[in-house]
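The values are calculated or read from the model by the stated rules, or taken from the named source; none is laboratory data. What you see is a predicted model, and the numbers here were worked out from it, not measured in a lab. Note: ideal-geometry Cβ built from the backbone for every residue, glycine included; neighbour counts use all protein chains shown.
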Amino acid sequence: MEFGYFAPQFGGNVPALETGIYNMEVIKTVKQLDEQLNAFRHSGKSIGFVPTMGALHPGHASLVQRSVKENDITVVSVFVNPTQFNDPKDLENYPRTLEADCALLESLGTDFVFAPTATEMYPEPDTRTFSYPPIDSVMEGPRRPGHFNGVCQVVSKLFAMVRPHRAYFGEKDFQQIAVIRAMVSDLKYDIEICPCPIVREESGLALSSRNTLLTPEERATAVNISQTLFRSVEFARQHTVSETHDYVVDHLNAIAGLEVEYFEIVDGKTLQPVSGWEDTDHIVGCITVYCGQRPVRLIDNITYKRA
Ligand code: AMP
């Protein structure tokens, strides 16, 4: 059992872009997707899939690189899914950079980009509801009503359209992976869910498409989030779960421009709060902080203990 600091992965370690000729296709419709993928499906090629909302950065790139390495074919979707935004302003402000995204994806060896319109994804309003308590009843669940429902709506559709063997998700959205696993098990999809480590800037700030919404000053302030999480791992060696919780929250709330929405120290599997370090063998601290004027909602997490 390990207890302590898990070296973060930094954005700088994404290999320099290779130059080469890739025949990446940008696909807009489900019909085209089937036309392109059927031959690969029939010949038994493995398909890796990376769902994204675009505005890609090295965090996304790390998922794509892994998929390219582990599969014959890699499909990346770029779709800003309206049903997972509980705040219309957030949806409106979400960065959209499809051209730059495609250039990056091509350089990484992506085979197909699936960039559907909202009508292609939702020809009819999606009235399905997904609920996976207790995993989705904590942290992001109650604070973003409808968010995980929207995530399940879009990911279940994308899985049915792409029919991948493996799907890659970032541990930055720690709770999302648990919800996706629950959904895959519920819907009996035969898809391997592959979690990938958080990619960070050299400063420690977790890469996020939302970071582009921060001013340079706000970005400098946001660095305190990961730095405090890293320090809390050291603190945790000599203190209780509750003391470690307060250490993080009090420290961050004392910094002008930051406001912690929640920090929960949870069992990495059930996502339920733990009260002692010996409660379970995988313990993760998940945080959401509002940063700056707008403000921008940033999430991050840190592993305290892993089997
Ligand atoms: P998004 O475009 O924000 O929906 O993210 C698409 C995928 O990229 C999700 O699985 C995220 O968890 C993952 N991702 C986003 N940021 C990072 C990061 N800094 N490190 C690793 N994965 C990330």
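A few points about this structure:
- Residue match in region 49-60 (condition: surrounded by fewer than 17 Cβ atoms within 10 Å (Cβ to Cβ), of a type in the set (G, A, S) and within 15 Å of the ligand (Cβ to nearest atom)): no
- Filtered by the rule that a residue be touching a Ser or Thr at 6+ places or on another chain (Cβ under 9 Å), surrounded by fewer than 23 Cβ atoms within 10 Å (Cβ to Cβ) and either in a strand (DSSP E or B) or without any contact (Cβ under 8 Å) to a residue 40 or more places away in the chain (or both), region 62-84 gives D72, I73.
- Among the candidates T221, T215, T228, the residue that is closer than 24 Å to M53 by Cβ, modelled with pLDDT of 95 or more and more than 18 Å from the chain's Cα centre (by Cα) is uniquely T215.
- Test: V289 is crowded, with 18+ Cβ neighbours inside 10 Å and modelled with pLDDT under 95: no
- Test: residue in region 232-251 that is within 19 Å of the chain's Cα centre (by Cα) and not in a helix (DSSP H, G or I): no
- Complete set of residues in region 258-281 that are surrounded by fewer than 17 Cβ atoms within 10 Å (Cβ to Cβ) and not charged (D, E, K, R): Y262, T270, Q272, P273, S275, G276, T280
- Of the residues making up region 208-226, those that are away from the ligand (no atom under 16 Å from the Cβ) and within 21 Å of G285 (Cα to Cα) are T221, N224.
- Restricting V233, V199 to those that are of a type in the set (A, V, I, L, M) and closer than 28 Å to P164 by Cβ reduces the list to V199.
- Top-ranked residue in region 151-207 [being hydroxyl-bearing (S, T, Y) and in contact with a Leu (Cβ under 7 Å, 6 or more places away or on another chain); ranked as nearest to the ligand (Cβ to nearest atom)]: Y168
- Residue count for region 124-138, restricted to those that are out of contact with any Lys or Arg (no Cβ under 9 Å at 6 or more places or on another chain), touching a residue at least 60 places away in the same chain (Cβ under 8 Å) and buried (at least 16 other Cβ atoms within 10 Å of the Cβ): 1
- Close pairs (7 angstrom Cβ cut-off, 6 or more residues apart or separate chains): over 10 Å from V296 (Cα atoms) in region 203-220, basic (K, R) and surrounded by 19 or more Cβ atoms within 10 Å (Cβ to Cβ) anywhere: A206/K172; A206/R200; L207/R200
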